[in-house]
Amino acid sequence: MALEVEIFARNMELTDRINEYVEKKVSKMDRYLNNIEETRVDLSYNKSARSASDRHISEITIRGKGFILRAEERADDIFAALDKSLDKIQRQIERYKGKRNRGRGDGVPASSLAAEISATEAPDEAEAAPIIARRKQFTLIPMDEMEAIEQMKLLGHENFFIFYNVNTSEINILYTRRDGTYGLIEPKIG
């Protein structure tokens, strides 16, 4: 059974050539990871990008039982952006499979979360009100702290990672400290 790929385009035309290219490249992902439930490719054109090399954006999201992998890349042409994001997602699959096959010693499968929040630029001091440039929604997958650390490494998140902690039944934020250790924020409504 061939992998079904959902393709969405924003601010650009989804031509037959682009559609065929995405289908050809992305449909092969189930060869490397056999428990994929959903594959989504978001292609967009951002004409207001500072650099021409950042105008075409390719985002690939792969969801399966207990994991979410996500890659976003930018380039001056949509095919280059797609190739870069495919390379990135392939590396994530290899890391995920390596961690899963090596095991963690407790016999529990690793869960994951793709909480990629783009950094926004600081507003000019002359502006009176800050502007929220982007909002993201994502599904929180329950996991423990060790699984969150593994998922943070797997996804390449360097600063922070948001997850639902199964031990405390709370949303937690895992972050990397300057000394290389991890910190855990346990928010309380107060």
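Looking at the range 8-60, which of its residues are touching a helix residue (DSSP H, G or I) at 6+ places or on another chain (Cβ under 8 Å), without any contact (Cβ under 8 Å) to a residue 60 or more places away in the chain and within 11 Å of residue 82 (Cβ to Cβ)? Correct list: 41, 43, 56, 57, 58, 59, 60. Here the condition is being of a type in the set (A, V, I, L, M), modelled with pLDDT of 90 or more and under 30 Å from residue 144 (Cβ atoms); of 68, 60, it holds for 60 alone. The single condition from (1) of a type in the set (A, V, I, L, M, F, W, C); (2) within 22 Å of residue 96 (Cβ to Cβ); (3) surrounded by fewer than 14 Cβ atoms within 10 Å (Cβ to Cβ) that residue 129 fails is (2).
The set of residues from the range 75-99 being of a type in the set (Asp, Glu), surrounded by fewer than 16 Cβ atoms within 10 Å (Cβ to Cβ) and either assigned to a helix (DSSP H, G or I) or touching a Cys at 6+ places or on another chain (Cβ under 7 Å) (or both) comprises 87, 94. Listed by position, the strands (runs of 3 or more DSSP E) enclosed by the range 1-74 that each have at least 1 residues that are over 30 Å from residue 153 (Cβ atoms) are 5-10, 36-45. Scanning the range 140-190 for residues that are assigned to a strand (DSSP E or B) and under 24 Å from residue 91 (Cβ atoms) gives 143, 160, 161, 162, 163, 174, 175, 176, 182.
The values are calculated or read from the model by the stated rules, or taken from the named source; none is laboratory data. All values reported here derive from a predicted model rather than from experimental measurement. Cβ: placed from backbone, ideal geometry, glycine included. Neighbour counts: every protein chain shown.
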